[in-house]
Amino acid sequence: MSEKGGVDRTHASSTPQKTLFWGLHFVIILLCVWLVMGGLESMSSWFGLAVDWTDPTRACILLVCAAVYFVRHGLTLFYLLARRVEWGEVFGLTAFFAMFELGLLLVGGGVFRDSAIALSWLDIFALGLYFSGSYLNSASEVQRKLWKKKPSSKGHCFTGGLFKYSMHMNYFGDVVLFTGWALLTATFWTLGLPLLMLLMFMFIHIPPLDEYLAERYGEEFGVYRAKTKRLIPLVW
């Protein structure tokens, strides 16, 4: 078993794990849809609470963000991801997905405030970040996947496409899209989510992954690392 950073990087299909993971994510999306379409009011009446969407337009936008993320998650699981997916990862990440998708929806939809916040240029900027980050994450992974299918690529490290600007462009894309997603809630403390993600990439995920890549690709990876930023293009 080849494990770095708590992740088993052995190549395996893991079809049951991936299918359940995506299925559980679909349940979360269905719950989000139900809440936006009137479920929140129904649930409030069941428990005798006075809870409602004060910002339904923003809630719908955040629902679309969750739906797009769900589609991209399927692309990652069934096309891009070659490594083994463990059962613990399935349940742990499902809980994380539920926390941020439902949490951002409820906060942005105004459940915890008294009035709507008008859409502005900041929301347009936030949507730009969300879709740009989604592109950076998925497109970089697709580029690498297509390159690795070539016989001449066997045993080599992919350093082209978007990965020539950052060694971990897929991670950078996640930080960008979650920054946009958090901004769409119009509640700035939610920016703690992408900040936490950035710190985890920098200090928990990237160091052991780089160690694994150095072991696998040797001098070729060393040359790549010497001339390429690790995460944030032009910065770090």
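Being touching a Cys at 6+ places or on another chain (Cβ under 8 Å), within 24 Å of Phe131 (Cα to Cα) and modelled with pLDDT of 95 or more narrows it down to one of Val36, Val71, Val64, so name that one.
So the residue among Val36, Val71, Val64 that is touching a Cys at 6+ places or on another chain (Cβ under 8 Å), within 24 Å of Phe131 (Cα to Cα) and modelled with pLDDT of 95 or more is Val36.
Would you mind stating whether Val90 is surrounded by 16 or more Cβ atoms within 10 Å (Cβ to Cβ), closer than 30 Å to Lys148 by Cα and in the same structural domain as Val36 (by TED's automatic domain parsing)?
yes
What about Leu106, is it more than 12 Å from the chain's Cα centre (by Cα), loosely packed, with under 14 Cβ neighbours inside 10 Å and in a helix (DSSP H, G or I)?
Here the answer is no, as Leu106 does not meet what is asked.
Do we have any residue at all in segment 46-59 that's crowded, with 18+ Cβ neighbours inside 10 Å, assigned to a helix (DSSP H, G or I) and not basic (Lys, Arg)?
The answer is yes; a qualifying residue exists.
Would you pick out the residues in segment 76-87 that are modelled with pLDDT of 95 or more and either in contact with a Cys (Cβ under 9 Å, 6 or more places away or on another chain) or loosely packed, with under 14 Cβ neighbours inside 10 Å (or both)?
Answer for segment 76-87, where residues must be modelled with pLDDT of 95 or more and either in contact with a Cys (Cβ under 9 Å, 6 or more places away or on another chain) or loosely packed, with under 14 Cβ neighbours inside 10 Å (or both): Phe78, Tyr79, Trp87.
Can you spot a residue in segment 175-191 that is part of a helix (DSSP H, G or I) and more than 23 Å from Cys60 (Cα to Cα)?
no
So the check is Cβ under 7 Å with 6+ separation or different chains; which pairs have a first residue in segment 214-236 that's assigned by TED's automatic domain parsing to the domain that holds Leu198 and a second one that's basic (Lys, Arg) and part of a loop (DSSP other than H, G, I, E, B)?
Val235/Lys229; Trp236/Lys229; Trp236/Arg230
Could you tell me which numbered condition Leu146 fails, if it satisfies all but one of (1) assigned to a helix (DSSP H, G or I); (2) under 28 Å from Met37 (Cα atoms); (3) of a type outside the set (Ser, Thr, Tyr)?
The one condition Leu146 does not meet is (2).
For segment 119-153, give me each residue that is without any contact (Cβ under 8 Å) to a residue 40 or more places away in the chain, under 21 Å from the mean Cα position of the chain (by Cα) and under 30 Å from Thr54 (Cα atoms).
If the condition is that a residue be without any contact (Cβ under 8 Å) to a residue 40 or more places away in the chain, under 21 Å from the mean Cα position of the chain (by Cα) and under 30 Å from Thr54 (Cα atoms), then Ile124 is the only one that fits.
Has segment 142-160 got any residue that is crowded, with 17+ Cβ neighbours inside 10 Å and either at pLDDT below 95 or of a type in the set (Lys, Arg) (or both)?
Within segment 142-160, one or more residues are crowded, with 17+ Cβ neighbours inside 10 Å and either at pLDDT below 95 or of a type in the set (Lys, Arg) (or both).
Among the numbered criteria (1) at pLDDT 95 or above; (2) hydrophobic (A, V, I, L, M, F, W, C); (3) not in a helix (DSSP H, G or I), which one does Phe112 miss?
So the condition that Phe112 fails would be (1).
Filter segment 60-75 for residues that are out of contact with any helix residue (DSSP H, G or I) (no Cβ under 7 Å at 6 or more places or on another chain) and crowded, with 17+ Cβ neighbours inside 10 Å and give the result.
Across segment 60-75, the qualifying residues are Ile61, Tyr69.
Go through (1) under 17 Å from Ile61 (Cα atoms); (2) among the small types (Gly, Ala, Ser); (3) under 19 Å from the mean Cα position of the chain (by Cα) one by one and return the number of the condition Ser115 breaks.
(3)
Mind checking whether some residue in segment 225-234 is exposed (fewer than 15 other Cβ atoms within 10 Å of the Cβ) and either part of a helix (DSSP H, G or I) or touching a His at 6+ places or on another chain (Cβ under 9 Å) (or both)?
There is at least one residue in segment 225-234 that is exposed (fewer than 15 other Cβ atoms within 10 Å of the Cβ) and either part of a helix (DSSP H, G or I) or touching a His at 6+ places or on another chain (Cβ under 9 Å) (or both).
Do we find a residue being part of a helix (DSSP H, G or I) and touching a Leu at 6+ places or on another chain (Cβ under 7 Å) anywhere in segment 213-222?
Yes; the residues of segment 213-222 include at least one that is part of a helix (DSSP H, G or I) and touching a Leu at 6+ places or on another chain (Cβ under 7 Å).
The values are calculated or read from the model by the stated rules, or taken from the named source; none is laboratory data. Since the structure is predicted, the reported quantities are computational estimates derived from the model, not experimental observations. No Cβ is skipped: glycine too gets one built from the backbone with ideal geometry, and neighbour counts run over all protein chains shown.
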